[in-house]
Amino acid sequence: MGNPSTHILLLEDNPGDAGLLKETLVSEKSFPCRLDISQRLSEGLKRLSQEPFDAIVLDLYLPDSSGLETLSQVHHAAPHLPIVVLTGLGSPETATEALREGAEDFLSKDDLNGPLFTRSIRYALERHKLLTSLREKEERYFLAAEGANDGLWDWDLKSNKAFFSTRWKDMLGYSEEEVGDHPNEWLLRVHPQDLEKVRRDLEEHLSHKTPHYANEHRLRHKDGRFRWVLSRGQATIDPEGRPARIAGSFTDLTHHRNLEQQLALRAFYDPLTGLLNRSFFIESLSRALARLERNPSELFALFFLDLDQLKSVNDTMGHLAGDQLLIEFAHRLRNCVRPSDVVARMGGDEFTVLLEGLPQKAEAVVVANRILDSMREPFVLDGKENTTSVSIGIAFSGCGRRDADGFLGAADAAMYQAKTGGKARYAVFDGDHDPGRAREGNKNAPR
């Protein structure tokens, strides 16, 4: 049922054709509308700027314009209105071009009749309404995707061609023309360790095993580095039940992944020195003690170290210099042990080292003396040379302590013995005698 307010502008300079069209519309009672006629393009463009219309019927050849240029000017003046083009019987090429340039339909004047004309107008109105609705939906989708900062992709499985949005290319550092339309523009940039799972997840979705596709993987940026992305998509099925295309989005997860990594580092590492922290060290020591329960002959040593002059440096030079001392000491300590040994900062000026797989106790004494030797080189703090020392307590497996806290307490007691004995030395906890006793030693008198 036509809308009584349907308002049509007819651009036609032939009075006979214009009268016929108007008479045709009047005879169609099921499609009441109002038809206004302009004989020149300039007049029609002026009316379009001043009055509301629902559709345009256009003869391409007018006194002041001809051919597709007429359509172009009308479409530019009223891009929101459907246009039906009138053609001669012998100009099908022009009609086809008109459709490509934005016309909704075309009619041959030689075959024109009432039902055909009204059908064409109705079709143009409905088709234009549908296309406008689809464009609005697409615009909303793209705006939402752009607002979410996601890259879009669309893979035509039948032609094996893919579309990648400008944002997708920008995420990887590429300009619009630097990325083609083959799916390998994506797949060949996937990190080799992630590629198999990307392909498997895609295949599982395309074979109807999963309701949608989702995969986190790394993509190679133009600068050679990899960025983490979350790729999501869903396939459409053809009438035979086969996947025809799959489309979706890419979300850049690099920042999120970096934050996760930083949180993980904070959970296990001391932020100042980069050494492992107390929590991680306690776990490592607990595992070593658990292995000792299964194999009592296993030999390992725990060092408990305390910097002797940190408080003095903090008081006289400030905490920034004290931090420099801690950082440099951590570096020297790391260089005195094996790569496999666990080195940690327990807090303040206290450090620990876990030496596992020792052939004999003398090996631990060699390491202790190496640490003491490393302290002979002055520390440069705030441009000034400073000397300091370290006191070391050593507790060996089999010292009678069965849990991590007890074992740390034994090494701490030995460290205290070294400090009260003159500093700059080591002491070994003697678990066979008084739990508080320790044997002292230094570079010149190892025990």
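The values are calculated or read from the model by the stated rules, or taken from the named source; none is laboratory data. The structure displayed is predicted, hence computed values, not measured ones. Please note: Cβ atoms are built from the backbone with ideal geometry, for glycine as well, and neighbour counts cover all protein chains shown.
Between L89, L60, L21, the distinction of being modelled with pLDDT of 85 or more and in contact with a helix residue (DSSP H, G or I) (Cβ under 9 Å, 6 or more places away or on another chain) belongs to L60 only. Checked against (1) touching an Asp or Glu at 6+ places or on another chain (Cβ under 8 Å); (2) not assigned by TED's automatic domain parsing to the domain that holds G400; (3) not basic (K, R), P243 passes all but condition (1).
Being surrounded by 16 or more Cβ atoms within 10 Å (Cβ to Cβ), under 38 Å from the mean Cα position of the chain (by Cα) and free of Cβ contacts under 8 Å to residues at least 60 places away in the same chain is not true of L285. The condition of being modelled with pLDDT under 95 and within 20 Å of A368 (Cα to Cα) does not hold for L305.
On the basis of being surrounded by fewer than 16 Cβ atoms within 10 Å (Cβ to Cβ) and either at pLDDT 75 or above or closer than 19 Å to D13 by Cα (or both), does P115 make the cut? Working first, answer last.
Working: surrounded by fewer than 16 Cβ atoms within 10 Å (Cβ to Cβ): yes; either at pLDDT 75 or above or closer than 19 Å to D13 by Cα (or both): no.
Taking the combined requirement at face value, the residue does not satisfy it.
With respect to T273, determine if the residue is assigned by TED's automatic domain parsing to the domain that holds D349 and either hydroxyl-bearing (S, T, Y) or touching a Gly at 6+ places or on another chain (Cβ under 8 Å) (or both). Taking the combined requirement at face value, the residue satisfies it.
Scan region 220-233 and give yes if some residue there is of a type in the set (D, E) and in a loop (DSSP other than H, G, I, E, B), otherwise no. So far as region 220-233 goes, yes, one or more of its residues are of a type in the set (D, E) and in a loop (DSSP other than H, G, I, E, B). Filtered by the rule that a residue be in contact with a Leu (Cβ under 6 Å, 6 or more places away or on another chain), surrounded by fewer than 17 Cβ atoms within 10 Å (Cβ to Cβ) and not in a helix (DSSP H, G or I), region 54-83 gives D64, G67.
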